Each structure stands twice: as structure tokens, then as C-alpha cells.
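A.B. asks: Got a structure for you, questions after.
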Ligand SMILES: NC(=O)c1ccc[n+]([C@@H]2O[C@H](COP(=O)([O-])OP(=O)(O)OC[C@H]3O[C@@H](n4cnc5c(N)ncnc54)[C@H](O)[C@@H]3O)[C@@H](O)[C@H]2O)c1
């Protein structure tokens, strides 16, 4: 009998480890999220009819969130600064789903205008009666070396990505605690957990969001039906590079570069919705080799630093040589 168990284990353990290794190498999300996408609640069942407020809904991840949530049958509030773009997104939502005109509210909002957030929140509650999910998605990134960057840029990033998000959350959360339920979902980043050169101010805002919401979550343990969820994507196809901050406020980026190596927006958003439907508190979403970084930073920081220094040096060299910093990790830097 003992012999039988030993022989079975000697097969089972290597096969089990091999399956994990293969999953790990080909995965594009952490195991909790992948398991939820295989065996958990389906977003189209769980999110149907819910009222979802998306910030930054005029492009990229926010725009795709609007389309996929519309197909799930969620009622939507679309917010960003450009009203005409939001109406374009609304039209597409209505064309590709069963939603009616009244189910999608276009609500222009500037995250930097914090004094307007209370009034915008009241408008949403007057219109739909309640808010089930707030997705804090709006934000901007950065492409510049700190030594060449004005501190105003760091302030601009903090005002937008951190304080803008905190301000809207401050308005919406009391409504959720009164109801005893709701979800606040915040789009952080891989660089909310690790560091990446050319984005010191941006990394700081995402680390700040992680710290803020990780501290807020245990303050809400009396409200077990309120979910605080952080989404940490690696590179995803969107308009983010066109909109980055550079060395100076209002100076546009010189070149946008290729998006091909990045995760398709639809895949990232699908995984986000799986995570929301299944109450996942932190979602790691990235193609390899980026996903390996999350695990390395979590479990083997010395190794993570070694790789970060190697790739970071390359990224800075390429940036200085005028090559796209994102897609150029594994290419030879230009010398002229
Ligand atoms: N694309 C990526 O590789 C990536 C990776 C990790 C995290 N993120 C995060 O995802 C979120 C969405 O970015 P994206 O990639 O879709 O980029 P994007 O530039 O396509 O979309 C950003 C959205 O934020 C809005 N926005 C910018 N400033 C605003 C303001 N002052 N007030 C209101 N809205 C404002 C824009 O109008 C746009 O709708 C951001 O928080 C970003 O940091 C993106």
C-alpha cells in the first residue's frame, strides 16, 4: 500500500508542477483571476442591470469597458472631459447591445475639477437612483527622465491620477455604505507594484493608489458587501502614450511607437470584468514576460532588481536614442 502511494506521488507531483509551470509561462493573469475566468461567475450574468460609472470612458480601456459592459446589460455612466467622444462611445454601445437610450448617461467630468465631483455624483444618483460600481479608470502616464522633468509634472500626475480618483471615491463611497453594498474598482498598474524608469511620477501615483485603497479596504470590514478592487495591468493597447506627460506640462510626446507587443484591450477588459463579477480584490493582468515581474517582485525582489536594472538601462538608452521605450526592450539601441 505504502509503495503504491509513493509511486503515485512520484508521478503526480512532477505532473502537477509541470502543469503549474506551463500555466505560469503561458498565463496572462494571476491564478485567482484565471481560475475565476474558468470556473467563476460569468460577467454577463453577474453584471446585468447593474449601474456602472466609468471614468476615462472616451478612449482605451475605459471605452472598451463601456462596450463590454453594454453587452453584459449593465446601465452606464460614461465620464471623461470630451463630451463629443463620450457620445460616440454611447452610440456604439447602443448599436452593439440591447441597451436603450436612457440606459447610458453621458456625464462630462474633469478629474482635476474636484469641486465638481459632489454635484456630478448627485446627478448620477438622481438619474439612476443608485450606483453599483465605480470604475476609477481615467488617468495619464509619463515618458521622461526625472533629472529632466519639472516638479510641476509630478504634481500634475498626482493631482490627476491620485487626488482626482480619491476625490470621486470620497463622494461615491458614503452612498455605498448607506446602501451596504457596491464596488469601487481602481485601475492601477504593474508600476503600482514595481518600478519602471521614465515614469517616476506616474509610478508614484499608482503606488499611492495601491497604498490608499489597501488601507481603505480594512476600514470597511463592517461592510462585507463593499468590494475594493485594484486592477494592475501591464502594457495594454490604448491611447495612453499619445496622452503622456513629458518633461514639461503641456509638452506633447515626440513619438508614440508601436502598440503591437501590448495586450489587446478587449482581453484586458474581459479579465477585469471577470474579476469584478467574482469579487477579486487585486488583479494582475499582463502578457509574458511582464507577468513574471509581478511574481518576481512579490517573491524574489533581489532577482527582480537584477532584471529591472538590466532592462531599465536598456529602456533609458533607447529613450535617449529616440527609439520607442516600450517596444525596444530587446532591440539594439541606436547610437546616432
Ligand atoms: N494602457 C496601458 O498600458 C496601461 C497599463 C496600466 C495601467 N493603465 C491605466 O489604465 C487607465 C486607462 O488608460 P488607457 O490606457 O485606456 O489610456 P487612454 O489615454 O486611452 O485613456 C485614458 C482616459 O482617461 C481620460 N482622462 C485623462 N485626463 C482626464 C481628466 N483630467 N479628467 C477626466 N478624464 C481624464 C482620457 O480622456 C481617457 O478617456 C489609466 O489609469 C492608466 O494609468 C494603462
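A.B. asks: So residue 165 fits all but one of (1) assigned to a helix (DSSP H, G or I); (2) surrounded by fewer than 22 Cβ atoms within 10 Å (Cβ to Cβ); what number is the exception?
C.D. replies: With respect to (1) assigned to a helix (DSSP H, G or I); (2) surrounded by fewer than 22 Cβ atoms within 10 Å (Cβ to Cβ), residue 165 is out only on (2).
A.B. asks: Shifting gears a bit: Out of the residues in segment 57-71 that are within 6 Å of the ligand (Cβ to nearest atom) and in a helix (DSSP H, G or I), which is nearest to residue 103 (Cα to Cα)?
C.D. replies: 62
A.B. asks: Looking at this structure, is residue 144 in contact (Cβ under 8 Å) with a residue 12 or more places away in the chain and under 11 Å from residue 205 (Cα atoms)?
C.D. replies: Values: in contact (Cβ under 8 Å) with a residue 12 or more places away in the chain: yes; under 11 Å from residue 205 (Cα atoms): no.
Judged against the criteria, residue 144 is not a match.
A.B. asks: Check off (1) in contact (Cβ under 8 Å) with a residue 24 or more places away in the chain; (2) away from the ligand (no atom under 16 Å from the Cβ) for residue 95 and give me the number that stays unchecked.
C.D. replies: (1)
A.B. asks: Next up: Have a look at 62, 49, 40 and point out the one that is at pLDDT 95 or above, within 23 Å of residue 176 (Cβ to Cβ), in contact with a strand residue (DSSP E or B) (Cβ under 9 Å, 6 or more places away or on another chain) and surrounded by 12 or more Cβ atoms within 10 Å (Cβ to Cβ).
C.D. replies: Only one candidate passes the filter, namely 62.
A.B. asks: With the requirement that a residue be more than 16 Å from the ligand (Cβ to nearest atom) and not in a loop (DSSP other than H, G, I, E, B), what does segment 98-117 give you?
C.D. replies: The answer is 101, 102, 103.
A.B. asks: Residues that are closer than 30 Å to residue 43 by Cα and in contact with a strand residue (DSSP E or B) (Cβ under 7 Å, 6 or more places away or on another chain), at least 3 per element: which helices (runs of 4 or more DSSP H) completely within segment 255-333 meet that?
C.D. replies: Where helices (runs of 4 or more DSSP H) fall fully within segment 255-333 and carry at least 3 residues being closer than 30 Å to residue 43 by Cα and in contact with a strand residue (DSSP E or B) (Cβ under 7 Å, 6 or more places away or on another chain), they are 265-277.
A.B. asks: May I pose another question? Take residue 54 and tell me if it is at pLDDT 95 or above, in a helix (DSSP H, G or I), crowded, with 24+ Cβ neighbours inside 10 Å and at negative phi.
C.D. replies: No: the conditions fail for residue 54.
A.B. asks: Let me ask another. Which condition number does residue 141 fail, the rest of (1) touching a helix residue (DSSP H, G or I) at 6+ places or on another chain (Cβ under 9 Å); (2) more than 10 Å from the ligand (Cβ to nearest atom) being met?
C.D. replies: Evaluating residue 141 over (1) touching a helix residue (DSSP H, G or I) at 6+ places or on another chain (Cβ under 9 Å); (2) more than 10 Å from the ligand (Cβ to nearest atom) leaves (2) as the failure.
A.B. asks: So which residues in segment 168-204 are part of a loop (DSSP other than H, G, I, E, B) and either surrounded by fewer than 20 Cβ atoms within 10 Å (Cβ to Cβ) or touching a residue at least 60 places away in the same chain (Cβ under 8 Å) (or both)?
C.D. replies: Step one: filter segment 168-204 for residues part of a loop (DSSP other than H, G, I, E, B), giving 180-181, 188-189, 193-199.
If the condition is that a residue be part of a loop (DSSP other than H, G, I, E, B) and either surrounded by fewer than 20 Cβ atoms within 10 Å (Cβ to Cβ) or touching a residue at least 60 places away in the same chain (Cβ under 8 Å) (or both), then 180, 181, 193, 194, 195, 196, 197, 198 are the ones that fit.
A.B. asks: Any idea how many residues of segment 72-86 are more than 14 Å from the ligand (Cβ to nearest atom) and assigned to a loop (DSSP other than H, G, I, E, B)?
C.D. replies: Summing the residues that are more than 14 Å from the ligand (Cβ to nearest atom) and assigned to a loop (DSSP other than H, G, I, E, B) in segment 72-86 gives 2.
A.B. asks: Tell me yes or no: at least one residue of segment 241-253 is touching a residue at least 60 places away in the same chain (Cβ under 8 Å), touching a helix residue (DSSP H, G or I) at 6+ places or on another chain (Cβ under 7 Å) and either within 15 Å of the ligand (Cβ to nearest atom) or closer than 30 Å to residue 173 by Cα (or both).
C.D. replies: Yes: one or more hits.
The values are calculated or read from the model by the stated rules, or taken from the named source; none is laboratory data. Everything numeric in this text was worked out from a predicted model, so none of it was measured. Neighbour counts are summed over all protein chains in view; Cβ atoms, including those assigned to glycine, are modelled from backbone coordinates with ideal geometry.
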